Amino acid sequence: MTFISMKQPLFLFLLLLSSIGMYQCQQPATDTETTTQTDEFNWVADTVADLRILRYQVPGWDQLTLDQKKLVYYLTQAGLSGRDIIWDQNYRHNLEIRRALETIVSSDKGDRTGAEWQPFMSYAKRVWFSNGIHHHYANDKFLPGFSRTYFENLLRQTGATLSEDALTAMFDPEHDRKKVSSDASGDVVAMSAVNFYAPGITQAEVEAFYAKKIVKGDKTPVSWGLNSRIVRDENGQLKEDVYKLDGLYGPAIAEVIKWLTLAAGVAENEPQRKALELLIQYYQIGDLKTWDDYNIAWAQATEGDIDYIQGFVEVYNDPLGYRGSYESIVQIKDFEASARMKVLSDNAQWFEDNSTIMDEHKKANVVGITYNVVNVAGESGDASPSTPIGVNLPNANWIREQYGSKSVSLGNIIEAYDQASGGSILAEFAHDEEEVARVKEFGALGDKLATALHEVIGHASGKLNPGVGTPKETLKTYSSTLEEARADIVALYFMMDPKMVELGLMPSLEVGKAEYDGFISNGLMKQLRRLEPGKDVEEAHMRNRQLIAAWVFEKGQPDNVIEKVTRDGKTYFNITDYDKLRTLFGQLLREIQRIKSEGDYRAGQALVETYGVKVDQALHQEVLDRVKPFNIPPYAGFINPELVPETDANGEIIDVKVTYPDNFVDQMLEYGKKYSFLK
Ligand code: ZN
């Protein structure tokens, strides 16, 4: 419900951003692939099978005080200390298998040159990536591309050991082959390899167990089963083996508590400290009522620059949806995004007054909309290496309703995805070198400003005519496409306004031109790579981008504002006049605002159906053919930055430095050494 996951294939990434209702759209006005401004930073560290291993940066680190740096450091250490838990939760043999892999990889013995070594290393990386031997997204067990004999030799040669059961788990294709089964025709508990239920326990038994606990009409129910494994007691009855200090996973939880206690000691404010103390208490006693108290305190702790997710949170890995997977995300406020937002928000009325919409549709007192962007400083458990791109918590509905919730997008993660998706695709679809150079220099800033304009100004702008129903009522299924289109065009229109330079938001209008280039080639071509052959455009953001790009392309034909160029059998769209294009954006903005203000369903429908839905099949195929050679693996995850404390002679921390490791295997081996607290 609440995680905007990046665990799915990449082409679903942008679709997903918008398809979750409670999530603010926080959607770049384009998905321009920009290459890095900081050219030295290598965003892609490794690829293996269907995975890419990326890196991310932590902007704003130097703006933190020493206590804030310590807080972030302690929270990330707490997160990593529980890392073993997710391995054991995912599958009962995972820890044992991981340790055997660690021993082999870190050894200098064994046959490391033969034909089976590379397949072995691929397997090890995939296991590390998925926190276990089942695919992190598809849930299927992946099979070794090397023989059992070869592996047993490696074990022997390096002194590693593995039980017969674990060897069977690795090599027998049928044994525990699905981590989480969703096959409703069978017993999903029995068919799932996930380690939330001891072997032999059935779905019916579990359902009966909780049916007895759940009180009908309870307005503040606890999250039953969230922090335990179900086992059989000596009489064969089901019981919960609770995750807590003196319970299941106790040794790891003790370490988590140790670091959380240090974190509470440097909390930024009282509400934050109180929340951390409740979390510690919850880990000590394992009481779900305390978990709710903690979530209430956490949801209300909104001041401060540092925040975090920590605990057994999301229940997707339980086929019955009770048990929470361990995870941790540590977040720092995005100071740059906040500053941009403030400048735009302070000038919201100027933008409203200078918009192209009709005077009667302008707000007299417009208020900019703020949205929350954070930067990740470290992740662990189920959130790492594969990570969500946004978080909206807590999960309990009654807490959300009564005490509020926090919704953030993980800015530096999204940026890293953007950067990593590569200059190659950019260059493939760019009309000329000038365009490529401009996007390289200004594309990243352009995307951020367009997003800020979209959110702060775009969605806040305009008003309905008196007596007209809400867009959902009047424009029905077209309302979200038209609303996103409206916000995007507001952004596009002002991206070429000298006011942006005057406000100090951009160095020159070259930033706006880069945004226009990216938007047009994306809306008319590039985004089609996310679509299966033969399909219409369905997702609201994709529709709105195509709608805008196709509309201005058509209306600009008489003046050749955007020319369609065919070169060596490839199609390009080249903007010949940026000012005229801006005027066209202004005209479309005026019309879409009119449609919304008047609730003109038929005009809205015509606009979307004419320009936003249908795909030129030949062009679509061309796009698919052109991106194919780049062969970008569909899934991605991240190497964490490393936080390194510096101490004085008394052992007091005097600073914490951030470094960016670039070797996935090394990080996994180091984590295995430093944070291995469970048997
Ligand atoms: Zn939006």
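The values are calculated or read from the model by the stated rules, or taken from the named source; none is laboratory data. Since this is a predicted model, take the numbers as computed values, not measurements. Ideal geometry is used to build each Cβ from the backbone, glycine not excepted, and the neighbour counts take in all protein chains shown. The area values use the complete protein model at the heavy-atom level, side chains included, leaving out ligands, DNA and RNA. Shrake-Rupley method; radii C 1.70, N 1.55, O 1.52, S 1.80 Å.
For A166, the conditions (1) among the small types (G, A, S); (2) open to solvent by less than 40 Å² (accessible area, probe 1.4 Å); (3) farther than 26 Å from N227 by Cα are fulfilled apart from (3). Between Q527, Q546, the distinction of being touching a helix residue (DSSP H, G or I) at 6+ places or on another chain (Cβ under 9 Å), open to solvent by less than 40 Å² (accessible area, probe 1.4 Å) and modelled with pLDDT of 95 or more belongs to Q546 only. Across the range 582-619, the number of residues qualifying as over 21 Å from L531 (Cβ atoms), part of a helix (DSSP H, G or I) and among the charged types (D, E, K, R) comes to 7. Within the range 347-369, residues that are more than 15 Å from Y493 (Cβ to Cβ) sit with their Cβ atoms under 8 Å from residues that are at pLDDT 95 or above and aromatic (F, W, Y), at 6+ positions apart or across chains, in these pairs: V366/F351.
In the range 146-158, how many are closer than 17 Å to A124 by Cβ, of a type outside the set (S, T, Y) and open to solvent by 40 Å² or more (accessible area, probe 1.4 Å)? Matching residues across the range 146-158 total 4. Mind listing whichever residues of the range 471-493 are open to solvent by 40 Å² or more (accessible area, probe 1.4 Å) and more than 16 Å from the ligand (Cβ to nearest atom)? Answer for the range 471-493, where residues must be open to solvent by 40 Å² or more (accessible area, probe 1.4 Å) and more than 16 Å from the ligand (Cβ to nearest atom): E473, K476, T477. Of all residues in the range 568-603, count the ones that are closer than 20 Å to E360 by Cβ and open to solvent by 10 Å² or more (accessible area, probe 1.4 Å). Residues flagged as closer than 20 Å to E360 by Cβ and open to solvent by 10 Å² or more (accessible area, probe 1.4 Å) within the range 568-603 amount to 10. Of everything in the range 591-624, what is of a type in the set (A, V, I, L, M, F, W, C), touching a helix residue (DSSP H, G or I) at 6+ places or on another chain (Cβ under 8 Å) and without any contact (Cβ under 8 Å) to a residue 40 or more places away in the chain? Give them in sequence order. A603 - this is the single residue of the range 591-624 that is of a type in the set (A, V, I, L, M, F, W, C), touching a helix residue (DSSP H, G or I) at 6+ places or on another chain (Cβ under 8 Å) and without any contact (Cβ under 8 Å) to a residue 40 or more places away in the chain. Scanning the range 387-403 for residues that are touching a Phe, Trp or Tyr at 6+ places or on another chain (Cβ under 7 Å) and closer than 20 Å to R55 by Cβ turns up T387, P388, G390. In this structure, is A267 touching a residue at least 12 places away in the same chain (Cβ under 8 Å) and open to solvent by less than 40 Å² (accessible area, probe 1.4 Å)? Yes: the conditions hold for A267. Within the range 96-110, restricting attention to residues that are open to solvent by 60 Å² or more (accessible area, probe 1.4 Å) and either part of a loop (DSSP other than H, G, I, E, B) or among the aromatic types (F, W, Y) (or both), the residue that is farthest from Q667 (Cα to Cα) is K109. Taking (1) open to solvent by less than 10 Å² (accessible area, probe 1.4 Å); (2) out of contact with any helix residue (DSSP H, G or I) (no Cβ under 7 Å at 6 or more places or on another chain) in turn, I332 satisfies each apart from (2). Condition first: within 16 Å of the ligand (Cβ to nearest atom) and modelled with pLDDT of 90 or more. Can you find one or more residues in the range 371-383 that meet it? Scanning the range 371-383, I find at least one residue that is within 16 Å of the ligand (Cβ to nearest atom) and modelled with pLDDT of 90 or more, so the answer is yes.
Among the residues of the range 178-189, is there at least one that is over 30 Å from the mean Cα position of the chain (by Cα), farther than 13 Å from L238 by Cα and of a type in the set (A, V, I, L, M)? Taking every residue of the range 178-189 in turn, none turns out to be over 30 Å from the mean Cα position of the chain (by Cα), farther than 13 Å from L238 by Cα and of a type in the set (A, V, I, L, M). Take the conditions (1) within 21 Å of L588 (Cβ to Cβ); (2) open to solvent by 10 Å² or more (accessible area, probe 1.4 Å); (3) touching a residue at least 60 places away in the same chain (Cβ under 8 Å); H454 misses just one of them, which is (2). Scanning the range 432-446 for residues that are under 22 Å from I632 (Cα atoms) and either buried (at least 24 other Cβ atoms within 10 Å of the Cβ) or modelled with pLDDT of 90 or more (or both) returns V436, V439, G443. Close Cβ contacts (under 8 Å, 6 or more residues apart or on different chains) running from residues in the range 641-659 that are closer than 28 Å to A416 by Cα to residues that are among the aliphatic types (A, V, I, L, M) and part of a loop (DSSP other than H, G, I, E, B) comprise P641/V58; V658/V58. Quick one: would you say Y294 is out of contact with any Gly (no Cβ under 7 Å at 6 or more places or on another chain), touching a residue at least 12 places away in the same chain (Cβ under 8 Å) and buried (at least 19 other Cβ atoms within 10 Å of the Cβ)? It is true that Y294 is out of contact with any Gly (no Cβ under 7 Å at 6 or more places or on another chain), touching a residue at least 12 places away in the same chain (Cβ under 8 Å) and buried (at least 19 other Cβ atoms within 10 Å of the Cβ). Scanning the range 239-254 finds one or more residues that are in contact with an Asp or Glu (Cβ under 6 Å, 6 or more places away or on another chain), open to solvent by less than 30 Å² (accessible area, probe 1.4 Å) and not β-branched (V, I, T).
Here is a yes/no grid of residues against (1) at pLDDT below 95; (2) within 17 Å of A78 (Cα to Cα); (3) not hydroxyl-bearing (S, T, Y):
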position: Y282; (1), (2), (3): no, yes, no
position: N295; (1), (2), (3): no, no, yes
position: Y322; (1), (2), (3): no, no, no
position: S325; (1), (2), (3): no, yes, no
position: Q331; (1), (2), (3): no, yes, yes
position: M341; (1), (2), (3): yes, no, yes
position: N354; (1), (2), (3): no, no, yes
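Determine if the range 335-342 includes at least one residue that is more than 30 Å from L453 (Cβ to Cβ) and touching a strand residue (DSSP E or B) at 6+ places or on another chain (Cβ under 9 Å). Among the residues of the range 335-342, not one is more than 30 Å from L453 (Cβ to Cβ) and touching a strand residue (DSSP E or B) at 6+ places or on another chain (Cβ under 9 Å), which makes the answer no.
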